[in-house]
Amino acid sequence: KHTTPPPPRTRINIHTISSHTHTQPIHTQNIYKTNMSRPYRRVASDDSRKLPTSPTSSTSSSPFTSPPKPTKTKAERLSDKLQALGWIIAALLLAYATSLPSTLLTSPLILRPLFHLAIILFCINTILMLYLTVYLPKIVGITTTDDASGVWNVYCPRVIPIMTVCGVGCAFCLVRSTWGVWGFLSPLIWGVEFLGLLFLTHFIPWL
């Protein structure tokens with residue numbers, strides 16, 4: 001029997017194949033080395049390409065300016081107005097029932113020195129309140145949010161303690177000066193009148 005001889009084996013030069021496989025053009029190697037030598041950056045290397053900035057960031061603002069106040073719904077605003085109106089009506093009715101203006105002006109049972117001191121303390125508190133709620137936001141440009149006390153403690157840290165002392169002193173002098181007229185009802189009457197005056201600010205546009 002005649003058998004077919006196997007095909008001749010070809011000798012493969014491994015060194016030749018590896019040199020052809022791993023050999024790269026000179027310009028390709030230079031580009032690779034240049035890219036590897038640069039530091040890694042997550043942004044584009046072109047410094048002229050910058051992220052757009054918001055209009056508010058470019059404008060100079062006060063360091064005490066806080067974020068804008070969150071808007072309330074119509075139902076919430078209406079509820080606040082009705083509550084304020086209820087306290088104002090209650091204060092007016094109580095003042096009418098007790099003849100508050102004429103009693104404070106003509107009653108001989110009122111301790112006048114303490115009553116005059118209470119008026120002075122009340123005027124001081126009113127001036128300081130206008131300073132915080134009108135002068136600072138409208139003239140100086142310091143706006144506040146619900147955390148207004150934090151801004152006031154930085155810009156004018158002595159105003160709140162002064163107002164607290166004056167408020168406590170005013171309340172004590174008012175109750176003590178009118179105790180001979182209304183007795184133990186004096187704290188209740190002055191409390192309702194104070195709340196009515198406080199809620200009156202809801203109907204002042206700039207407050």
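Can you tell me how many residues within segment 133-148 are within 15 Å of Thr201 (Cβ to Cβ), at pLDDT 75 or above and either under 15 Å from the mean Cα position of the chain (by Cα) or not in a helix (DSSP H, G or I) (or both)? Number of matching residues: 2.
Quick check: is even one residue across segment 68-78 open to solvent by less than 90 Å² (accessible area, probe 1.4 Å), among the polar types (S, T, N, Q) and either over 38 Å from the mean Cα position of the chain (by Cα) or modelled with pLDDT of 90 or more (or both)? Explain how you work it out, then say what you get.
First pass over segment 68-78, keeping only residues open to solvent by less than 90 Å² (accessible area, probe 1.4 Å): 73, 75.
Those still in the list that are among the polar types (S, T, N, Q) too: 73.
Adding the requirement that they be either over 38 Å from the mean Cα position of the chain (by Cα) or modelled with pLDDT of 90 or more (or both) leaves none.
Taking every residue of segment 68-78 in turn, none turns out to be open to solvent by less than 90 Å² (accessible area, probe 1.4 Å), among the polar types (S, T, N, Q) and either over 38 Å from the mean Cα position of the chain (by Cα) or modelled with pLDDT of 90 or more (or both).
Taken over segment 149-207, the criterion of being open to solvent by 60 Å² or more (accessible area, probe 1.4 Å), hydrophobic (A, V, I, L, M, F, W, C), more than 19 Å from Asp80 (Cα to Cα) and within 22 Å of the chain's Cα centre (by Cα) is satisfied by Val154 alone.
Applying a threshold of 7 Å to beta carbon distances and a minimum spacing of six or more residues, or different chains, the list of pairs starting in segment 119-131 at a residue that is polar (S, T, N, Q) and ending at one that is assigned to a helix (DSSP H, G or I) reads Asn125/Met163; Asn125/Cys166; Asn125/Gly167; Asn125/Cys170. The requirement of being in a helix (DSSP H, G or I), in contact (Cβ under 8 Å) with a residue 12 or more places away in the chain and within 28 Å of Leu85 (Cα to Cα) is not satisfied by Leu105.
The values are calculated or read from the model by the stated rules, or taken from the named source; none is laboratory data. Bear in mind the structure is a predicted one, so any value in this text is a computation, not a measurement. Cβ coordinates were reconstructed from backbone atoms using ideal geometry, including for glycine residues, and neighbour counts include every protein chain displayed. What goes into the accessible areas is simple: the full protein's heavy atoms, side chains included, and nothing from ligands, DNA or RNA. Shrake-Rupley method; radii C 1.70, N 1.55, O 1.52, S 1.80 Å.
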